[in-house]
Amino acid sequence: MSRALLEVRDIRVRYDKAVLLNGVTLDVGADELVGLVGPNGAGKSTLLRTISGLVQWERDMRRGARGDIVVEGAVRFDGEDITNLPAHQIVERGLVHCPERRRPFRELTVLDNLRAGAYLSTSAAEIKQNLEKVFELFPRLKERRTQFAGTLSGGEQQMVAIGRALMYKPRLLCIDEPSLGLSPKVRNEVFAAIKTIHDGGIPVLLVEQEVGKVFQMADRNYILSQGRIVAQGTSKELAADETLRASYLGM
């Protein structure tokens with residue numbers, strides 16, 4: 001593995017009495033595409049939300065309320081402890097989260113959705129350059145740039161979500177379930193785009209149910225189940241383990 005850009009150490013998340021993450025540790029190298037797979041409800045989305053500061057934000061909003069959220073452990077990005085930083089400061093450092101279920105601003109155009117991803121940028125030239133890169137990656141978005149995001153297909157909305165995440169030039173892109181609800185053809189387009197993003201020099205932490213596709217793309221993988229990392233290794237190593245295949249991978 002290359003130098004660790006992201007270091008997650010012993011992360012524990014509890015909502016009231018429900019333990020969602022229980023001692024999760026993982027790394028993403030500065031040039032890696034790392035897969036995070038496992039059954040539904042394993043805690044994969046909660047882990048990405050913790051890394052990007054969204055669980056901490058929700059905790060702070062609910063402080064003192066019934067059902068408090070407890071977060072323990074540490075997240076380091078490029079050597080800096082970012083565990084308790086506000087989400088927008090984590091984005092400023094280049095760690096960008098592309099969330100599950102796409103979440104476009106439905107009443108805004110495609111173009112305005114993409115520009116929203118660059119809300120922290122102060123350079124008009126940089127925004128224009130990044131927009132051109134997004135349109136090169138997803139030509140369909142350029143064709144639909146004046147269309148309201150709420151009228152797009154699911155695949156097009158996923159392209160908007162990824163494009164929006166790219167607008168602030170991420171140093172690490174965390175992508176949550178990009179193929180959810182998409183047709184096989186569109187899934188392949190989205191996975192091809194993620195590979196292009198990684199090949200272009202952006203490390204990726206990818207949460208995905210399509211285990212076979214992740215294993216084709218990833219340098220290394222972690223398997224998460226019931227809030228714990230139960231295995232890690234290369235795709236070849238994990239796929240060769242019959243117990244893992246039967247118990248966790250559905251392969």
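The values are calculated or read from the model by the stated rules, or taken from the named source; none is laboratory data. Keep in mind it's a predicted model, so treat the numbers as computed, not measured. Using ideal geometry, Cβ is built from the backbone for each residue, glycine included, and neighbour counts are taken over all protein chains shown.
Scan the stretch 176-226 residue by residue and report those that are closer than 18 Å to V160 by Cα, part of a loop (DSSP other than H, G, I, E, B) and of a type in the set (G, A, S).
Matches in the stretch 176-226: S179, G181, S183.
Could you list, in sequence order, all residues of the stretch 38-52 that are touching a His at 6+ places or on another chain (Cβ under 8 Å) and without any contact (Cβ under 8 Å) to a residue 60 or more places away in the chain? Show your work before the answer.
Start the filter on the stretch 38-52 by keeping residues that are touching a His at 6+ places or on another chain (Cβ under 8 Å), which leaves 48-49, 51-52.
Correct list: R49 only.
Report, ordered by the first and then the second residue, all pairs with beta carbons closer than 8 Å, sequence separation of six or more or different chains, a first member in the stretch 230-247 that is assigned to a strand (DSSP E or B), and a second member that is surrounded by fewer than 17 Cβ atoms within 10 Å (Cβ to Cβ).
Hits for this filter: A231/D241.
Run R171 past the list (1) under 30 Å from T234 (Cα atoms); (2) in contact with an Asp or Glu (Cβ under 8 Å, 6 or more places away or on another chain); (3) crowded, with 19+ Cβ neighbours inside 10 Å; (4) modelled with pLDDT of 95 or more and report the number of the one that doesn't hold.
(3)
Answer yes if at least one residue in the stretch 107-120 is modelled with pLDDT under 90 and either out of contact with any strand residue (DSSP E or B) (no Cβ under 8 Å at 6 or more places or on another chain) or farther than 11 Å from A165 by Cα (or both), and no otherwise.
Checked against the condition, which is being modelled with pLDDT under 90 and either out of contact with any strand residue (DSSP E or B) (no Cβ under 8 Å at 6 or more places or on another chain) or farther than 11 Å from A165 by Cα (or both), the stretch 107-120 yields at least one hit.
If you check every pair at least six apart or on different chains, which have Cβ atoms under 7 Å apart with a residue in the stretch 203-220 that is farther than 18 Å from E237 by Cα and touching a residue at least 12 places away in the same chain (Cβ under 8 Å) first and a residue that is outside any strand (DSSP E or B) and among the basic types (K, R) second?
Note: pairs meeting the criteria are V207/K44.
Of all residues in the stretch 140-175, which are in contact (Cβ under 8 Å) with a residue 60 or more places away in the chain, of a type in the set (D, E, K, R) and part of a helix (DSSP H, G or I)?
Answer for the stretch 140-175, where residues must be in contact (Cβ under 8 Å) with a residue 60 or more places away in the chain, of a type in the set (D, E, K, R) and part of a helix (DSSP H, G or I): just R164.
Among the residues of the stretch 5-18, are any modelled with pLDDT of 95 or more and assigned to a loop (DSSP other than H, G, I, E, B)?
For the stretch 5-18, residues modelled with pLDDT of 95 or more and assigned to a loop (DSSP other than H, G, I, E, B): absent.
Assess whether L120 counts as being in a helix (DSSP H, G or I) and either polar (S, T, N, Q) or under 22 Å from the mean Cα position of the chain (by Cα) (or both).
Answer is no for this residue.
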